[in-house]
Amino acid sequence: MLFGVNTIPDYRKRGLAGRLITQAINDVQIQGRKGLVLTCKDALVPCYSKFGFINEGISEHSTHGNVVWNQMRLEF
């Protein structure tokens with residue numbers, strides 16, 4: 001599970017988070033895993049979709065911070 005990707009403001013808009021996500025995907029594939037799961041807020045669904053993650057809807061198990069989390073999955 002990918003728990004979080006955060007970039008401090010001075011380093012945003014440089015593609016760094018995307019590079020980290022790509023590396024995480026590559027690492028998981030090398031490890032022979034079947035896929036990767038994450039949860040994110042509504043605003044980030046399009047971002048993760050660009051990497052092939054599919055939105056499975058609102059996560060029933062994630063209640064962190066009393067906000068709505070979308071569960072997203074990438075299968076290989």
> What label, among [x] 1.11; [y] 1.06; [z] 1.76, belongs to Cα Rg over 2.2 N^0.38 Å computed from the structure on display?
Replying inline: [x]
> Applying the Karplus parametrisation 6.51 cos²θ - 1.76 cosθ + 1.60 with θ = phi - 60° to the phi angles of region 5-22, what ³J(HN,Hα) value in whole Hz is obtained for each residue in order, glycine and proline being reported as x?
Replying inline: 10, 10, 10, 5, x, 5, 10, 6, 6, 10, x, 5, 4, x, 5, 5, 5, 4
> Using θ = phi - 60° and the Karplus form 6.51 cos²θ - 1.76 cosθ + 1.60, what ³J(HN,Hα) does each residue of region 43-57 get, whole Hz, x for Gly and Pro?
Replying inline: 4, 9, 4, x, 4, 6, 4, 4, 8, x, 5, 10, 6, 8, x
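Can you give the charge dipole size of the chain about its Cα centre, rounded to the nearest 20 debye, using +1 on the beta carbon of Lys and Arg and -1 on the beta carbon of Asp and Glu? Write down the numbers at each step before the final one.
Values: 9 positive and 6 negative charges, 61 e Å.
Using Cβ point charges on Lys, Arg, Asp and Glu, the chain gives about 300 debye.
Every read-out reported here was derived from the displayed coordinates using simple, explicitly stated rules and does not represent laboratory data. Keep in mind it's a predicted model, so treat the numbers as computed, not measured. Every residue, glycine among them, receives a Cβ derived from its backbone with ideal geometry; neighbour counts consider all protein chains shown.
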